[in-house]
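*Asks:* I have a structure here, written as structure tokens, and I will follow up with some questions on it.
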Amino acid sequence: MKKPNVLELIENHAFDLVINIPKNFTERELRNGYLIRRKAVDHNIPLITNARLASAFIYAICKIDVSSLAVKAWQEY
């Protein structure tokens with residue numbers, strides 16, 4: 001196995017977001033997907049597992065001007 005692998009990168013918080021959508025339903029694909037999703041959740045990394053949601057998220061993030069975003073406290077919502 002090549003180093004570093006995706007699980008090690010997730011452990012090291014190399015990603016701010018994980019998008020994990022299986023390409024097929026083979027045992028290997030499902031097992032690897034489970035491990036990736038579990039590791040992301042265990043390390044509090046946001047996770048998207050739905051293709052339509054991932055597409056909408058990517059579209060939205062490409063359209064928005066990031067400099068116009070403001071950080072707000074929960075109480076402000």
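The values are calculated or read from the model by the stated rules, or taken from the named source; none is laboratory data. The structure displayed is predicted, hence computed values, not measured ones. Cβ placement follows ideal geometry from the backbone for every residue including glycine, while neighbour counts extend to all protein chains displayed. Heavy atoms of the whole protein, side chains included, go into the accessibility calculation; ligands, DNA and RNA do not. Shrake-Rupley method; radii C 1.70, N 1.55, O 1.52, S 1.80 Å.
*Asks:* For an R0 of 22 angstrom, estimate the FRET efficiency from the Cβ-Cβ distance between N24 and L53 and round to the nearest 0.05.
*Replies:* On the way: r = 20 Å, r/R0 = 0.89.
The computed FRET efficiency comes out at 0.65.
*Asks:* Let me ask something additional. For segment 24-77, which trypsin sites (Lys or Arg not before Pro) are in a loop by DSSP, counting at most 14 other Cβ atoms within 10 Å?
*Replies:* Details: sites: R28, R31, R37, R38, K39, R52, K63, K72; in loops: K72.
Here the trypsin sites (Lys or Arg not before Pro) that fit, given the DSSP loop and packing criteria, are K72.
*Asks:* Counting only the heavy atoms of the protein chains, how much of L53 is accessible to a 1.4 Å probe, in Å² to the nearest 10?
*Replies:* Around 100 Å² of this residue is reachable by solvent.
*Asks:* With axes computed from alpha carbons, what is the tilt in degrees of helix 51-63 against the longest principal axis of the chain, rounded to the nearest 10 within 0 to 90?
*Replies:* Computed tilt is about 40 degrees.
*Asks:* Something else about it: Who wins for biggest fluctuation among N50, N20, N12 in a Gaussian network model of the chain, springs between alpha carbons below 10 Å?
*Replies:* N12
*Asks:* Which entry is the computed mean projected area of the Cα convex hull in nm² for this structure: (i) 5.2; (ii) 8.7; (iii) 7.3?
*Replies:* Calculated mean projected area of the Cα convex hull in nm²: the matching label is (iii).
*Asks:* So what is the accessible area of the chain per residue, in Å², with the probe set to 1.4 Å?
*Replies:* Values: 6660 Å² over 77 residues.
Here the per-residue accessible area is 86 Å².
*Asks:* Can I ask one more? If I compute solvent accessible area with a 1.4 Å probe over the protein chains, what percent of it on the chain is carbon and sulfur?
*Replies:* Values: 3830 of 6660 Å².
It is 57 percent, rounded to a whole number.
*Asks:* For the chain, what is the relative contact order in percent, using Cα pairs closer than 8 Å and at least 6 residues apart in sequence? Each step should come with its number before you reach the end.
*Replies:* On the way: 51 pairs, mean separation 23.2, N = 77.
It comes to 30 percent, rounded to a whole number.
*Asks:* What length, rounded to one decimal in nm, is gained on full extension from V41 through to A73, with 0.36 nm per residue of separation minus their alpha-carbon distance?
*Replies:* Numbers: separation 32, 0.36 × 32 = 11.52 nm, distance 2.37 nm.
Gain on extension, V41 to A73, equals 9.2 nm.
*Asks:* What residues qualify as long-range amide H neighbours of I48, i.e. H under 5 Å apart, gap of 5 or more or another chain, H built at 1.01 Å from N?
*Replies:* V18, I19, N20
*Asks:* What residue among V18, V41, V66 shows peak mean-square fluctuation when the chain is described by a Gaussian network model with Cα springs under 10 Å?
*Replies:* Sorting by GNM fluctuation, first place goes to V66.
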